[in-house]
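Written below as structure tokens is the structure these notes are about.
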Amino acid sequence: MRYKIVFAIFFFIWGIMIVRLYHISVKSNYYYEKLAKENIERTLYIKPVRGEITDTSGKLLAMNRIGFSISLKPHLDSNPEKLEKIADRLVDTFPDLNKTVMLNVYKKQSSPYNHKHIKVVDFVQYKDMMGAYPQLANIDEVLIETQTKRYYPYSFYAAHVVGYTGRTNSKEAEEDEVADEVGEIGKAGIEKYYNDLLQGELGHITNKVTATNKEIEQLEYEKPVDNRNIELTLDMDLQIMIHQRMKGITGAIVVMRTSGEVIAAVSTPSYNPNLFVGGISKDNWKTLQEDLAHPFTNKFVHGTYPPGSTIKMGVAIAASQSPKSSIYYPETCRGFITVGNSSHKFRCWKKHGHGKVDLRKSIRESCDVYYYNKSLDMGIDTLSSSLNKLGLGVATGIDLPREYNGVIPDRAWKMKRYKKPWYMGETVIAAIGQGYDNVTPMQVARYTALLATSYLVTPHFAKTLDGKKVKPELKPVNIDPYALEQIRLGMYDVCNTNGGTAFKTMSELPIIVAGKTGTSQVVSIGQDVKERIKEEEMEYWKRSHAWLTTYAPYNNPRYVITSLVEHGGHGGSTNGPIVADIYKWMYAKGYFGSDTNTTETIHFVPKAKIKPPKNKLKMTDFL
Amino acid sequence: MLRWLNEQKRLFKYFNYLLMVQIMPLLFISSMLIYEINPVLFKKQMLYYVIAFLAFVVSCFIPWRKILWWFVSIFYTVNLMLLVGVELIGISILGAKRWIKLPGIGLTIQPSEFIKVSVIMMLAYLISRRPPPMRGYGVASFIKLSLIIVIPFLLIAKEPDLGTALVLLITGFGILFVVGVDWKIWVFIFVSLGLSAPVLYNSLHDYQKKRISDFMGKPSYHVQQALIAIGSGGMEGKSKDESTQTQLKFLPISTSDFIFAYLGERLGFKGMMLVLGLYALLIIHLMYIAIWNSADYLIMSFAAGLAFLFFIYMGVNIYMIIGLAPVVGLPLPMFSHGGTSFVIFAVIFGILQNLLAFKKEIMYNPDSKIVMASKKPQKD
């Protein structure tokens, strides 16, 4: 009996053992086979070299500086004295290093299972390392490896276009394997927009290793895909020239070919992108954030401003497309209008009115009343959708990240945003580019190119991507030829006839420029104010934003220059000299080639006699 | 002298050859595996085999039945003193005080290995001197015999070396169970053990508690690697070069405590079943020796003790490798690389062979069959 109990226990225990062994070795064979394979295979990624960014003439805007990183052997923290000694040695050699930070980095990554060297210094410049190398290389625990670091030689001159790279954060690391491995990712500008292209693809080596991570043989090798460079359409010389001209002025300037190639895009003030590489310090970040001129905001795509009078050409086109309004009929400006039964006066900028105003005159003299009336004829929804089609209030599609849409309001937008119905008075305001209207300088540049060529382009900075040419995107827009002609003539007048708002500065240029000024109010002017105070006498923050958007040459438009100066007062007088200087510079550098037109050679007087289509018009439409 | 030689002839006549033959395949497989893992350790292992063989031969020829009456008390006392010595002047390795450094020769010994032999020997001697009555031992004798087991158990458990201590405890009480103790005592012990389990757990060392909680949760790195080794072996096992778990050193202590995992990786489920079968046959054979010799309490105690030793060592060792028991550091008996344990097993086998050869009945009663026949029916 006793032996039977003993044997029963023995067999019971053996039975469980056999079942369990069978389950592990036969049933779960596939699973454990996989784990065994994972054990011996160690994949080392080969980091790709990030592509470089150049301007149109090959000047390096973003490059990889070669230097060194310093790593220490693992498992040193079991011998703190030695670790301290090495850290002291490094600090002696490179006084910029912080010993506490280094030791903390080491302790954080050190563990009994980590058999890799631990990187304690991310980057040491080539020239600094040269003298120290022979001594450091002799220390057994120190490993010095080559390391690249992103560098922007033009610093703040191209910061808003090129952007910068920074350390990959945990969210980015989760989404992007390459960025995770490289530890660096484009955070802004071209660096971010074309990050996938620039960063390349990982290569890898798969090795067979032992438990202590010793390599035995190579199983797989794949080269990284890297060095994919980007050439931009940007002309750095022009970019620098504009920056220097804009010194002390807050604003944005876009110089674009009418095909959409941006050759200069400046947002002032700017910042030094090199501060961000490898992480920006708290102090630097605070300074950037607290600057009221917002150096960190890319004003040509992230700055939205009321377009002011620059919107008027668009409103005119909208009017030409609406059956309820007409551009063939002139308006009479008495200096103000009232809407409905309200006594509220919507004033023209000219106190005593412009008298009889046709389309060309309305642009030349920027008559507000003309547009008040046209907008009331067509209504806000028609106006808004037409303006959207001209590229206002919609993203331009430029190759920069997170571009803003801006706003051209309509009834639905207001209901959604403010839960309130639309008022007639707001239509009037929207027609002169005030109120809810908000656009980016890039949108205005694109819209100006459309007025000049009747093609809607997609602005872009990329000229070649990894050697492949970027094709310009041109979309023809159907615009009433009469309206377009009158608008162009009006814009010609603005720059070239005495009394035009930009005549003073634009008329002296060796090429013929057409354009439009705009003054967008930051604060509204009270009803009781009889005389407007001069912009120069207002407080800075209350001064209007000043616009000037132009294209040239007038009869063969090739370039668009749009300029916005924050709180710059009047469009023409503030922006005029700047834009004129840019045109002069470009002319001197041969941008206009033999294609320059002087006043003598141009015949701009319209020959087309376009009759208003009578059947479409009823007088009641205008009442 | 001549008479002595004449007497020793009995040894060859009554020698249990089958028992020795059963061990051979185990040694063969074990040494092959050790050779594949580390040829240097294989050489050392061969040296242990030689030493163990010599120890076996010597213990075969020692007339245990004649010297037991004085030897057992000295041996037991010396071992107990060594255990106390560990407590006083022992060397601590990894938080456990298990070793004594012998002065002069610089050798360290682990007294808990020797105490196993002395406890089995002491029990066997005491039981043979005063065999249990029909109903089994009563409370008084049971407590007396228990002290022989419990005193060294407590000393070893305090080192701490819970693995060895439990082996001693289970082997000792296993012998008592087989020999015969009143069943009411067993019932009482199991009930009170069950009730006091929480208290016992609290008296464990932190590292022991950690092992138990590790065992309850995810398998530790060691066990995980062992599972991968066994699991990747499959039914047939893999060639030496493909046994990456062991050859590339992912499997820890692969020649000693975890050698069974390499067996699984190298020879697969079939290989493991073969070794398991060999152990089972050996243990069953030893138990049957105990059953067949139930009249001779010395043989019975020794054979049953050896069977229990084998069973507990191999059971706990394999259970811990496959994650069914906490990792307590017990080797696979006569299979793992290691000297002390192997030599001690050899000595116990030698003693058993000697006892078998010089059975009491045969020595003093020429007509042994009659004596045996008259005693046998008493046992169940």
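Distant-in-sequence amide contacts of B:R98, defined by a placed amide H-H separation under 5 Å and a gap of 5 or more residues or a different chain, comprise B:I91, B:I93.
Given R0 = 45 Å, the distance between the Cβ atoms of A:V26 and B:I143 translates into a calculated FRET efficiency of 0.40. Quick one: grab the alpha carbon gyration tensor of region A:194-258, order the square roots of its eigenvalues as a ≥ b ≥ c, and give me rounded if a/c is under 1.5, else prolate or oblate depending on whether a/b is larger than b/c. Since a/c reaches 1.5 and a/b is larger than b/c, the shape of region A:194-258 is classed as prolate. Look at where the Cα atoms of region A:334-392 and of region B:117-194 average out, and the two centres are 111 Å apart. Across chain A, Cα pairs under 8 Å and at least six residues apart give a relative contact order of 13 percent. Among A:R488, A:R20, B:R135, the ranking by other beta carbons within 10 Å of each residue's beta carbon, starting with the fewest, stands as B:R135, A:R20, A:R488.
Would you calculate a helix-derived [θ] at 222 nm for chain A, using -39,500 (n - 2.57) for each DSSP H run of n ≥ 4 and dividing by the full residue count, to the nearest 500? Write out the running numbers ahead of the final one.
Details: 23 runs with 222 residues, N = 623.
Calculated at 222 nm, the ellipticity per residue is -10500 deg cm²/dmol.
Derived scalar couplings between HN and Hα for region A:131-146 equal x, 8, 3, x, 6, 5, 5, 7, 6, 4, 7, 9, 10, 10, 10, 6 Hz in order, rounded to whole Hz, by the Karplus curve 6.51 cos²θ - 1.76 cosθ + 1.60 (θ = phi - 60°), x for Gly and Pro.
For the pair A:K223 and A:K116, a Förster radius of 25 Å applied to the C-beta separation gives a FRET efficiency near 0.65, rounded to the nearest 0.05.
Among rounded, prolate and oblate, which fits region A:349-453 when a ≥ b ≥ c are the square roots of the eigenvalues of its C-alpha gyration tensor, a/c under 1.5 means rounded, and a/b larger than b/c means prolate?
Numbers: a/c = 2.31, a/b = 1.25, b/c = 1.85.
It is oblate, given that a/c is not under 1.5 and a/b is not larger than b/c.
With the biggest extent put first, the Cα atoms of region B:30-364 measure 59, 46, 46 Å across the principal axes. What separates the Cα centres of region A:436-502 and region B:2-47 is a distance of 100 Å.
Shape annotation for chain A: C-alpha extents along the principal axes are 120, 73, 47 Å, from largest to smallest.
A DSSP coil position with no more than 16 other Cβ atoms inside 10 Å describes the following chymotrypsin sites (Phe, Trp or Tyr not before Pro) in region A:50-116: A:Y113.
Ratio of region A:236-584's C-alpha Rg to 2.2 N^0.38 Å, to two decimals?
Working: Rg = 19.8 Å, N = 349, 2.2 N^0.38 = 20.4 Å.
Dividing the Cα radius of gyration by 2.2 N^0.38 Å gives 0.97.
Against chain A, whose longest principal axis comes from its Cα atoms, helix A:380-389 is set at around 60 degrees. Kirkwood analysis of region A:223-301, using all unique Cα-Cα pairs, places the hydrodynamic radius at 14.6 Å. Per-residue shielding of B:220-229, expressed as the average number of other chain Cβ atoms within 10 Å of the residue Cβ, stands at 3. Remark: relative contact order (region A:236-584) = 21 percent; criterion is Cα-Cα distance under 8 angstrom and separation of 6 or more residues.
Here, each number is a calculation from the coordinates, and none is a lab measurement. No experiment lies behind these values; they were computed from the predicted model shown. So basically every Cβ, Gly included, is an ideal-geometry build from the backbone, and we count neighbours across all protein chains shown.
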